[in-house]
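Q: I'd like to ask you about the structure that follows.
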Amino acid sequence: MSKFELKIDKNADAAKIVIAGTIDEDVDFTQYSLTGINQMEFDLNSVKSINSCGIREWIKWLGTNSKAKMTYINCPKIIIDQINMVDGFLPSNGRVLSFYVPYYNDDSGTEKNVLFRHGTEFGEAGVTPPGKVLDDIGNAMEMDVIESKYFKFLNKK
Amino acid sequence: MARSKILILEDDKTLSQSLAEALEKKSFDVIMASTADEANGLLNEHKVDYIFADCLLPGMSGDEFVIKLKRDKPDRKFKVILMSGIYTDKSTIQDLLKRTQAFAFLKKPFDLEQIFNIVKEKEEVVKPESPRKMLYQIFSKDMVSTREKRKLIESIEEVSAYDLPFIYSLLTETKSSGYLNIYFNDSSVSGIAFSNGSIVAVDVEDRSTYIGELLIQSGYVSPADIQKALQSKNNQRLGQRLISSNLMSPHALDLTMIEQMNVRLSKTISEKTVKLNFSASEVELTQPSIDSELLLSYLHDWIASKLPINWLKNLYVMWAGHQIIPNAQLKSDHPCIQMSLVQSLDGLYDRLQKRTTLSELLSVSEYNQAALYKALHFLVTKGLIYFSKNVSFDNVDEHFDYLSRLKNQIQNRTDFELLESLGLTQYNDAESAASEIETLLGQEPIKKEAKSFALWYELFNKISTAINSLNPEAKIQLKKAIEKNEAENRIKASQLMDEAKKELMLGQFQSALVKLNEAGKLTSTLFQYNIYIAWSRLGMNMQKKDKAVIKEIEFDLMQIPADERYDFLYPYVMGLYYRATNDYLSAKKSFDKALAMDNTFLAAKRELSLIEQMIKKTRKNDNIFTMDLKDVVTVLFKKK
């Protein structure tokens, strides 16, 4: 896989945008025009990392079509961290529909990302984590984030 | 959460076995020893949370073992539960508890429920240490996993940008790869890319490159070379243009780019508060880069030049009485020990080997306090020393001295200033802060007649009252008021600096120094402050050339950060310094550099012509019969 990949699947005035890899200074978003799109769904499942240049470029890029409705799906932790810390990373008219929550087992050292979906594990009323998360050999896993910090973005909306 | 580990030190195997089984059923990890030697062996391999020790053992008794263990391993944190079927009278038990500082005493035979209650009760009392404290303790661990680093950085809500050198060092020392993003309150983001511990890229919002200034100051090119390169018609960056025009070597550009990263990193270290995020990721090792070895000199430079003494004092107040533990890597020939901050403090290395405390070091009269704080912070930042988890004092007098110093440090402060200086603003009631206050003050004196007893309680009450007197809303208001006051002070200080600059240009050094000192009292964040201080002191000392003053000036120069060196002023002041130390050739080079940056700078022109005359005069006085051979050759060659 190359360092960064972006695919736009346009359908009338809607688009599904799938992003993978590292978002950094080498990414040139200007080649991916967002004009004319009214509804965008960003699938961020395979974003591996983002640096400060990438954050600035991302905000600038989304700003080129700030009126469109935007939804983020399959957000990895690195994306949720940016949403929590950088104003504008998720535009004010944007929503997160699903995101990953890291889990950890202290004894085996196993890590696992669990997908939280809007309407199932989280919603307007708050977060309802799955009853039990087990690793591959059946050990119970604990949420590996500081909940008050990680879920902060849900209160912004 | 990790399971608690318990060591049972008991020679009655039946009892220890049944106790172990019961505790294991309650999800504790248990290890067993029947003698003190055996226990010591196990403790070298295991970190335990509790020790159940039988008092009467063959060889060393359980209580003696505990006392020795606490003395030998003061950084270990564990709770002791003493057990005995023989010592059952009240006064003996009280004496044993006092001497060993044990949490509980169990008379044999005991009920298992008693044990579970003790362990449970203690589990509930255990409070996590503040994340910032944990951050600075991280090098006490032999291995730091990526997850641990990430978790620790994540757990810190906000951090001072003055903490950044430590974070950079942590990520370098632990061979990290990934991106450290730094979020400032004004919504700007800076970032640093690490590849296996080397810094490969630094991105700051201020995109000034300084490349021209850096190249001229390093002596790689002249201003004329830069003009020539800029005239060439291509889209390359300045450095590349200079290389293409054969005006500079690619190696010189690499070195300058490294210095550029240093300047940018230096700029991130400021009085601002920041949020951090580290995402581990594969990052390619590109060149030029800053590796651990190179970072060492930059760390030294940043700590010497960027960190205000008051910030360091506030950081270390929580550890003043804790033992300083040297890491195994700390040897007398370690490069860090050779750095000027450490070298400026005679015998510091030996004192550190003897496990001293900051409190003790502060009482060494010949030590410059600012240099001491900075040298220690440098060693902490490199992970070469760390502080024991518990406060330790060899005797009552030492504890009393420590408390007296602490009292002096916090007197005349408002409640909020007091809490801020002690790092206790996050607490809203004294009860929840009790263990933190006790850590700060050291163990509560047991004997009422001890001279530290009254002082300990006076300070405990003062701090507790301060915590209880401020609600969160009041704290926000007071913080705002302090910020406003600081902003006003900064304005006043800038005005004083401007006046001082004019006076320096007119050669009124003494009056300028007075104004600069006044400005320095108002704020610690004035741009090029130490350059102007050094200028005024050098001006005053140019005739006398007092060695003691020159040493102080050297410390002023050491405190000039990288991002304040790249204009005409720094080489000019360095020129004055070389002149004061009779190094006329270096002085000439420095004045030349200053004029290369700004050829209208009259003071530098004046100094240059003066120094050229001095050089001529020195050469006239050269006597080939009393010179070194090298100088003879030089003189003869030049005359020829």
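Matching residues to (1) in the same structural domain as residue B:268 (by TED's automatic domain parsing); (2) open to solvent by 50 Å² or more (accessible area, probe 1.4 Å); (3) free of Cβ contacts under 8 Å to residues at least 60 places away in the same chain; (4) closer than 30 Å to residue B:417 by Cβ:
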| site | (1), (2), (3), (4) |
| --- | --- |
| B:478 | no, yes, no, yes |
| B:508 | no, yes, yes, no |
| B:566 | no, no, no, no |
| B:569 | no, no, yes, no |
| B:578 | no, yes, yes, no |
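Q: Next question. When only residues in the stretch B:131-145 that are modelled with pLDDT under 80 and within 14 Å of chain A (Cβ to nearest Cβ) count, which is least open to solvent (accessible area, probe 1.4 Å)?
A: Top of the filtered list is B:131.
Q: Follow-up question, since we're still on this one. Somewhere in the stretch B:92-103, is a residue in a helix (DSSP H, G or I), in contact (Cβ under 8 Å) with a residue 60 or more places away in the chain, surrounded by fewer than 19 Cβ atoms within 10 Å (Cβ to Cβ) and outside the structural domain of residue B:142 (by TED's automatic domain parsing)? Steps first, answer last, please.
A: Taking the stretch B:92-103 as the starting set, the residues that turn out to be in a helix (DSSP H, G or I) are B:92-100.
Of the ones still in play, those that are also in contact (Cβ under 8 Å) with a residue 60 or more places away in the chain are B:98.
After this cut, where a residue has to be surrounded by fewer than 19 Cβ atoms within 10 Å (Cβ to Cβ) as well, the list is B:98.
Now restrict to residues that are outside the structural domain of residue B:142 (by TED's automatic domain parsing): B:98.
There is at least one residue in the stretch B:92-103 that is in a helix (DSSP H, G or I), in contact (Cβ under 8 Å) with a residue 60 or more places away in the chain, surrounded by fewer than 19 Cβ atoms within 10 Å (Cβ to Cβ) and outside the structural domain of residue B:142 (by TED's automatic domain parsing).
Q: Can you tell me which of B:64, B:10, B:24 is touching a strand residue (DSSP E or B) at 6+ places or on another chain (Cβ under 8 Å) and open to solvent by 30 Å² or more (accessible area, probe 1.4 Å)?
A: B:24
Q: Only one residue in A:49, A:66 is closer than 17 Å to residue B:203 by Cβ, among the hydroxyl-bearing types (Ser, Thr, Tyr) and touching a residue at least 12 places away in the same chain (Cβ under 8 Å). Which one?
A: Numbers: A:66 fails: closer than 17 Å to residue B:203 by Cβ.
Answer to the check: A:49.
Q: Moving on to the next point. Picking from B:184, B:166, which residue would you name as being more than 14 Å from chain A (Cβ to nearest Cβ) and of a type in the set (A, V, I, L, M, F, W, C)? Step through it out loud before you land on a result.
A: Working: B:184 fails: more than 14 Å from chain A (Cβ to nearest Cβ).
B:166 is the lone residue from the list that is more than 14 Å from chain A (Cβ to nearest Cβ) and of a type in the set (A, V, I, L, M, F, W, C).
Q: Now for a different question. Need pairs with beta-carbon distance below 7 Å; first residue within 14 Å of chain A (Cβ to nearest Cβ) and farther than 10 Å from residue B:52 by Cα and within the stretch B:1-22, second modelled with pLDDT under 80 and open to solvent by 70 Å² or more (accessible area, probe 1.4 Å); sequence gap 6+ or separate chains.
A: What qualifies is B:5/B:47.
Q: Right, another one. Go through B:372, B:440 for me and flag whichever is touching a residue at least 40 places away in the same chain (Cβ under 8 Å), open to solvent by less than 40 Å² (accessible area, probe 1.4 Å) and not small (Gly, Ala, Ser).
A: Within the list B:372, B:440, the selection yields B:440.
Q: Name the residue that is nearest to residue B:281 (Cα to Cα), counting only residues in the stretch A:14-27 that are more than 14 Å from chain B (Cβ to nearest Cβ) and open to solvent by less than 70 Å² (accessible area, probe 1.4 Å).
A: If we filter the stretch A:14-27 for residues that are more than 14 Å from chain B (Cβ to nearest Cβ), which is where we start, we get A:14-19.
Those left that are additionally open to solvent by less than 70 Å² (accessible area, probe 1.4 Å): A:14-15, A:17-19.
Numbers: A:14: 32, A:15: 29, A:17: 23, A:18: 20, A:19: 17 Å.
So the residue we want is A:19.
Q: Select from the stretch B:45-60 the residues that are more than 42 Å from the chain's Cα centre (by Cα) and charged (D, E, K, R) and list them in ascending order.
A: Once the filter is applied, which keeps residues that are more than 42 Å from the chain's Cα centre (by Cα) and charged (D, E, K, R), the stretch B:45-60 yields only B:54.
Q: In the stretch B:174-213, how many are open to solvent by 10 Å² or more (accessible area, probe 1.4 Å), of a type in the set (Val, Ile, Thr) and more than 30 Å from residue B:242 (Cβ to Cβ)?
A: Here the count works out to 1.
Q: Cβ contacts < 6 Å: first residue surrounded by fewer than 20 Cβ atoms within 10 Å (Cβ to Cβ), restricted to the stretch B:289-310; second residue small (Gly, Ala, Ser), any location; separation 6+ or different chain. Result?
A: Filtered contacts from the stretch B:289-310: B:291/B:198; B:292/B:197; B:308/B:524; B:309/B:370.
Q: Next up: Being over 21 Å from residue A:113 (Cα atoms) and either open to solvent by 10 Å² or more (accessible area, probe 1.4 Å) or under 13 Å from the mean Cα position of the chain (by Cα) (or both) is the filter; apply it to the stretch A:63-73 and report the residue that is nearest to the other protein chains (Cβ to nearest Cβ).
A: Ranking the qualifying residues of the stretch A:63-73, first place goes to A:63.
Q: Of everything in the stretch B:51-80, what is of a type outside the set (A, V, I, L, M, F, W, C) and under 28 Å from residue B:326 (Cβ atoms)? Give them in sequence order.
A: Scanning the stretch B:51-80 gives B:64, B:68, B:70, B:71, B:72, B:73, B:74, B:75, B:76, B:77, B:79.
Q: Taking the stretch A:101-140, which residues are acidic (Asp, Glu) and under 19 Å from the mean Cα position of the chain (by Cα)?
A: A:111, A:121, A:124
Q: Within the set of pairs 6 or more residues apart or between chains, which connect a residue that is of a type outside the set (A, V, I, L, M, F, W, C) inside the stretch B:209-228 to a residue that is open to solvent by 40 Å² or more (accessible area, probe 1.4 Å) with Cβ atoms less than 6 Å apart?
A: Taking only residues 6 or more apart or on different chains, the pairs are B:217/B:593.
Q: Filtering the stretch B:459-476 down to residues that are surrounded by 12 or more Cβ atoms within 10 Å (Cβ to Cβ) and of a type in the set (D, E, K, R), which residue is nearest to residue B:388 (Cα to Cα)?
A: Across the stretch B:459-476, the extreme among qualifying residues is B:462.
Q: Now, a different point. Just for the stretch A:33-62: of the residues that are more than 20 Å from residue B:279 (Cβ to Cβ) and open to solvent by 50 Å² or more (accessible area, probe 1.4 Å), which one is nearest to the other protein chains (Cβ to nearest Cβ)?
A: Going through the qualifying residues, I end up with A:60.
Q: Go through the stretch A:74-152 and tell me which strands (runs of 3 or more DSSP E), entirely inside it, have 3 or more residues that are open to solvent by less than 30 Å² (accessible area, probe 1.4 Å) and within 14 Å of chain B (Cβ to nearest Cβ).
A: Numbers: elements: A:94-96, A:98-104, A:111-117.
Strands (runs of 3 or more DSSP E) meeting the threshold: A:98-104.
Q: Right, another one. Filter the stretch B:67-86 for residues that are more than 12 Å from residue B:51 (Cα to Cα) and surrounded by 19 or more Cβ atoms within 10 Å (Cβ to Cβ) and give the result.
A: Listed by number, the list holds a single entry, B:84.
Q: While we're looking at this one, here's another question. Collect the residues in the stretch B:290-301 that are closer than 17 Å to residue B:171 by Cβ and within 10 Å of the chain's Cα centre (by Cα), keeping them in residue-number order.
A: B:299
Q: Any residue at all in the stretch A:4-13 that's more than 10 Å from chain B (Cβ to nearest Cβ), at positive phi and free of Cβ contacts under 8 Å to residues at least 12 places away in the same chain?
A: The answer is yes; a qualifying residue exists.
Q: For the stretch B:344-355: of the residues being more than 17 Å from the chain's Cα centre (by Cα) and within 16 Å of residue B:330 (Cα to Cα), which is most open to solvent (accessible area, probe 1.4 Å)?
A: Ranking the qualifying residues of the stretch B:344-355, first place goes to B:354.
The values are calculated or read from the model by the stated rules, or taken from the named source; none is laboratory data. Everything quoted here is computed from the prediction, not taken from an experiment. Methodologically, a virtual Cβ is constructed for each residue, glycine included, from the backbone with ideal geometry; neighbour enumeration extends over all protein chains shown. Just the protein is used for accessible areas: all its heavy atoms, side chains included, with ligands, DNA and RNA removed. Shrake-Rupley method; radii C 1.70, N 1.55, O 1.52, S 1.80 Å.
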